[in-house]
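Trainee: After the structure tokens below, expect a handful of questions from me.
The values are calculated or read from the model by the stated rules, or taken from the named source; none is laboratory data. Just so it is clear, the structure is predicted and the values come from calculations on it, not from any experiment. Cβ placement follows ideal geometry from the backbone for every residue including glycine, while neighbour counts extend to all protein chains displayed. The accessibility values were calculated without ligands, DNA or RNA, using every heavy atom of the protein model including side chains. Shrake-Rupley method; radii C 1.70, N 1.55, O 1.52, S 1.80 Å.
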Amino acid sequence: MTIKEANAIDMVAYLSVAGFEPAKVRGENYWYYSPLRTERTPSFKVNRRRNQWYDFGEGKGGNLLDFILLYENVSISKALKRLEQASQLPKYIPESITTEAPAIVIQSVHVVSSPALIRYYQSRRIAGAIADQYLKEVRYKNGDKNYYALGFKNDRGGYELRTSYFKGSSHPKAPTTIKNQADSLAVFEGFFDFLSYLTIHLNQPVPVMDFLILNSTSFFQMELPIMQAYQHVYLYLDNDKTGNKYTTLALAKAPHLFKDERALYVGYKDLNDWHQNFGSGPGPAA
């Protein structure tokens, strides 16, 4: 993907897939609570006509690639590689900000039977028994084209969608909670980390635990009251700037309650990255 192609992606659509929805819309300006920090008043603006953002609290702005570089703290090459996964998102149309962007529409949900999807979750080292329990084969429409992907359902009926070349989600976007009537909770950023945890412990006796899969770290603070109702909370967040931010926030708020579990996969991007590469030596941190 080129820089020009990356910046042609509709930023409002990209933020929606990432779990950020506007707090208010005023004509061509979409106002968000800043993804870059915690705030009570939305100060992050996306101008839909120009497809550019400005964060009044940070005093910074730019195009989509500028946002990814700042939010993810990665190089341009890594940012472009990540944005390739968003290539199915609509391009912005500067001539008509009132034109509705094509949305992902779920057509049907099935047991996973596609060889390509089975190979994909196997490449992530997810056990078949675990995949059968938590994943579906979701057929969906994006614009005027039909696709299929692995689907992981959230609490509001939307799906996280993944293939080897696509990462996205349908509306509504929300976390996924799995209740086992436990007094301990394990928290994961993404569902592949959760499925990795279950695969790792598939044939091991482990304490009964509830699970919270955020599906986007933008839900972390919203879910804090739920987390704080437990006696123990184990955090399996990513080894990156955002994971550091929310782990630090939780430990500062209740150090007796929260436990940072990332020592298990130090040197790897996340739990699934460690799980895929375990035994092959330390990997580079993201």
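Trainee: Cut-off under 29 Å on the C-alpha distance; same-chain residues fewer than 8 positions from K4 excluded. Which lysines are left, in chain and number order?
Mentor: Answer for K4, where 29 Å is the Cα cut-off: K24, K45, K60, K78, K81, K91, K141, K145, K167, K173, K241, K269, listed by chain and number.
Trainee: Another question about this same structure. Going 7 Å from the Cα of K24 toward and past its Cβ, which residues in region 50-82 have a backbone nitrogen under 18 Å from where you end up?
Mentor: 54-57
Trainee: Say R0 is 41 Å: what FRET efficiency, to the nearest 0.05, do Y54 and A229 get from their beta-carbon distance?
Mentor: The computed FRET efficiency comes out at 0.65.
Trainee: When the scattering of region 1-74 is computed by the Debye formula from its Cα atoms alone, each counted once and equally, what is log10 I(q)/I(0) at q = 0.20, 0.25, 0.26 Å⁻¹?
Mentor: Normalising to I(0) and taking log10 leaves -0.81, -1.30, -1.40.
Trainee: Please identify the chymotrypsin sites (Phe, Trp or Tyr not before Pro) of region 2-64 that satisfy two criteria: DSSP loop assignment and at most 15 other Cβ atoms within 10 Å. Which are they?
Mentor: On the way: sites: Y14, F20, Y30, W31, Y32, Y33, F44, W53, Y54, F56; in loops: F20, Y33, F56.
The qualifying sites are F56.
Trainee: Provide the gained length on full extension for the span D132 to T41, in nm with one decimal, where the gain is 0.36 nm per separating residue minus the Cα-Cα distance.
Mentor: Between D132 and T41, full extension yields an extra 28.5 nm.
Trainee: Moving on. Can you tell me how much longer the chain between D66 and K253 gets when fully stretched, taken as 0.36 nm per residue apart minus their C-alpha distance, in nm with one decimal? Please report the intermediate quantities before stating the final value.
Mentor: Numbers: separation 187, 0.36 × 187 = 67.32 nm, distance 3.13 nm.
Length gained, D66 through K253: 64.2 nm.
Trainee: Students sometimes get this wrong: rank E84, E223 by accessible area, probe 1.4 Å, all chains present, largest first.
Mentor: If we order E84, E223 from most to least accessible, we get E84, E223.
Trainee: Top to bottom by accessible area (1.4 Å), largest first, where do R82, R40, R119 land?
Mentor: R40, R119, R82
Trainee: Sorted by accessible area with a 1.4 angstrom probe, largest first, how do M1, M222, M11 fall?
Mentor: Details: M1 60, M222 125, M11 0 Å².
From most exposed to least exposed: M222, M1, M11.
Trainee: Relative contact order for the chain: what percent, with Cα pairs under 8 Å and sequence separation of 6 or more? Provide the component values of the computation, followed by the final result.
Mentor: Values: 506 pairs, mean separation 37.5, N = 286.
Averaging sequence separation for qualifying contacts and normalising by length gives 13 percent for the chain.
Trainee: Taking 8 Å as the Cα distance limit and 6 or more residues as the minimum spacing, I'd like the relative contact order of region 179-222 as a percentage.
Mentor: Numbers: 46 pairs, mean separation 25.0, N = 44.
Across region 179-222, relative contact order equals 57 percent.
Trainee: Debye sum, Cα scatterers, region 109-216, no solvent: what log₁₀ I/I(0) at q = 0.12, 0.17, 0.24 1/Å?
Mentor: At q = 0.12, 0.17, 0.24 Å⁻¹ the computed log10 ratios are -0.41, -0.81, -1.47.
Trainee: In the chain, what % of DSSP beta bridges are antiparallel (nearest 5)?
Mentor: If we restrict to bridges inside the chain, about 75 percent are antiparallel.
Trainee: With only alpha-carbon atoms counted, please give the Rg and Dmax of the chain, in Å.
Mentor: That works out to 19.0, 59 Å for Rg and Dmax.
Trainee: In units of 2.2 N^0.38 Å, what is the alpha-carbon radius of gyration of region 166-286?
Mentor: Here the answer is 1.04, to two decimals.
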